[in-house]
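Structure first, then comments.
The values are calculated or read from the model by the stated rules, or taken from the named source; none is laboratory data. In this text, all values refer to a predicted model and were calculated from it rather than measured experimentally. Glycine also receives a Cβ, built like all others from the backbone with ideal geometry; neighbour counts cover every protein chain displayed. Just so you know, the surface numbers come from the protein's heavy atoms only, side chains and all, with ligands and any DNA or RNA stripped out. Shrake-Rupley method; radii C 1.70, N 1.55, O 1.52, S 1.80 Å.
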Amino acid sequence: MSKLDKILIIQTAFLGDVILALPMVQTLKNHLPESQIDFLCVPVNVPVISNHPSIRNVIPYDKKGADKFDKFIEVLSEIRENEYDVVISPHRYLRSALLTYYSEAKIRVGFNRNSLSFLLTNKVKYGYDKHEVLRNLDLVKALPGINFDDTKVSLKPELYPVETDEILVNELLSGMDFEKLVTFAPCSRWITKQFPIHKSVEVINMLISEGFNIALIGGNDDREYCRRIENRVMNNKFIKLCGKLTPIQSYLVIKKSKALISVDSAAQHLGAAADIPIVIIYGSTDSSFGFYPLVLKHKIVEQSGLDCRPCTDHGRDKCPLGHFKCMEEIEPDKILNEVKNLIV
């Protein structure tokens, strides 16, 4: 029987991809409680999972900068020193594929869409029709010698804030009625996934007029977008949290809310981890790529009649046709109605 004591997960993509890899980690730990599971990701995502009890160690891998080759060799050396029995790479691109192969692990598991899939010892068919969480679980099933048990499957990503996170969020939300709190995450690093500013303002004002408190969240890169919204909404029911929170702290704000409104970004996966009702707004992407809320109570708002969408599985810096109808034609009152339908 193959040795499965030391396992490395490689996922160097975006925050949402890391969050969606956690059910795989949790399921592995449920099946192999004595195993040591490490996780390799980009530095910005390390704090999100560093407190996870199923993960022994998080290895940061900085892919940026002029010294890319030196960084690659450095992280590869650390991987080899750890002498992993198994390397699993849900990330499919070249550097992750090279790290997987040169890890010297006897068992190397990944998808058939992996850049160097012919170098894997266990190749798994990429299920285009599956949710990303379920696709990742297929990698667990491919481990030789594992007795896969559906009762040990974990579908919900688990996140573990520390006490200081709780204290900060409670201070920021002091005096808020959580029964009327809706978190709004309209930002994305991709313009074609981002909800237009004027539409976001309409949504916020409509929610306020219905008696809701609104928490606007986003990362440091979203500050300018959010500032333009904040300048157009003057109301004490509107809480400006963009750029003030870590992802884990954003998760806590979401968890305290009655509902989350999010575009197709990491925020929706934080919402799935918080297990609250979610309204997701799709622009240039849609649910067919397997990135949608895996929670019972969620609603999708999109312009499904457009022949031009989905035009990408990730997002674009601009609409290739110049009209951005996939977002501009979404009516804010539809979003309001879906929120109300979810939380009644």
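Of the residues that sit in the stretch 229-273 and are basic (Lys, Arg) and over 13 Å from LEU181 (Cβ atoms), which one is surrounded by the fewest Cβ atoms within 10 Å (Cβ to Cβ)? Filtering first and then ranking leaves ARG232.
Give the number of residues within the stretch 287-320 that are touching a helix residue (DSSP H, G or I) at 6+ places or on another chain (Cβ under 9 Å) and in a loop (DSSP other than H, G, I, E, B). Working first, answer last.
Just the residues of the stretch 287-320 that are touching a helix residue (DSSP H, G or I) at 6+ places or on another chain (Cβ under 9 Å), to begin with: 289-295, 297-303, 306, 308-320.
From the residues that got through so far, the ones that are in a loop (DSSP other than H, G, I, E, B) too are 290-295, 297, 302-303, 306, 308-320.
Residues that pass the stated criteria total 23.
Among the residues in the stretch 179-199, are any basic (Lys, Arg), more than 26 Å from VAL46 (Cβ to Cβ), open to solvent by less than 50 Å² (accessible area, probe 1.4 Å) and outside any loop (DSSP other than H, G, I, E, B)?
Pass one, the stretch 179-199, residues basic (Lys, Arg): 180, 189, 193, 199.
Those still in the list that are more than 26 Å from VAL46 (Cβ to Cβ) too: 180, 199.
Next, only the ones that are open to solvent by less than 50 Å² (accessible area, probe 1.4 Å) stay: 199.
From the residues that got through so far, the ones that are outside any loop (DSSP other than H, G, I, E, B) too are 199.
For the stretch 179-199, residues basic (Lys, Arg), more than 26 Å from VAL46 (Cβ to Cβ), open to solvent by less than 50 Å² (accessible area, probe 1.4 Å) and outside any loop (DSSP other than H, G, I, E, B): present.
Taken together, VAL253, VAL233 contain a single residue that is modelled with pLDDT of 95 or more and not in a helix (DSSP H, G or I), which is VAL233. Checked against (1) open to solvent by less than 30 Å² (accessible area, probe 1.4 Å); (2) touching a Phe, Trp or Tyr at 6+ places or on another chain (Cβ under 8 Å); (3) in a loop (DSSP other than H, G, I, E, B); (4) not hydroxyl-bearing (Ser, Thr, Tyr), ILE276 passes all but condition (2).
Might you check whether a residue that is among the hydrophobic types (A, V, I, L, M, F, W, C) and more than 14 Å from LEU207 (Cα to Cα) occurs anywhere in the stretch 331-341? The answer is no, given that none of the residues of the stretch 331-341 is among the hydrophobic types (A, V, I, L, M, F, W, C) and more than 14 Å from LEU207 (Cα to Cα).
Output the residue which, of all residues in the stretch 42-69 that are at pLDDT 95 or above and assigned to a helix (DSSP H, G or I), is nearest to PRO247 (Cα to Cα). If we take residues in the stretch 42-69 being at pLDDT 95 or above and assigned to a helix (DSSP H, G or I), then VAL48 is nearest to PRO247 (Cα to Cα). Is it the case that the stretch 147-164 has a residue that's modelled with pLDDT under 95 and assigned to a loop (DSSP other than H, G, I, E, B)? Yes, the stretch 147-164 has at least one match. Scanning the stretch 323-344 for residues that are more than 17 Å from LYS193 (Cβ to Cβ) and free of Cβ contacts under 8 Å to residues at least 24 places away in the same chain returns GLU331, ASN337, VAL344.
State whether the residues of the stretch 149-156 include one that is crowded, with 19+ Cβ neighbours inside 10 Å and either over 28 Å from THR246 (Cα atoms) or not charged (D, E, K, R) (or both). I'd like the intermediate steps shown before the answer.
We begin by selecting, within the stretch 149-156, every residue crowded, with 19+ Cβ neighbours inside 10 Å; these are none.
Checked the stretch 149-156: no residue is crowded, with 19+ Cβ neighbours inside 10 Å and either over 28 Å from THR246 (Cα atoms) or not charged (D, E, K, R) (or both).
The residue of the stretch 81-113 that is nearest to ALA21 (Cα to Cα), among those that are open to solvent by 10 Å² or more (accessible area, probe 1.4 Å) and touching a helix residue (DSSP H, G or I) at 6+ places or on another chain (Cβ under 8 Å), is HIS91. Filtering the stretch 117-145 to residues that are in contact with a Leu (Cβ under 7 Å, 6 or more places away or on another chain), part of a loop (DSSP other than H, G, I, E, B) and buried (at least 17 other Cβ atoms within 10 Å of the Cβ) leaves HIS131, LEU143.
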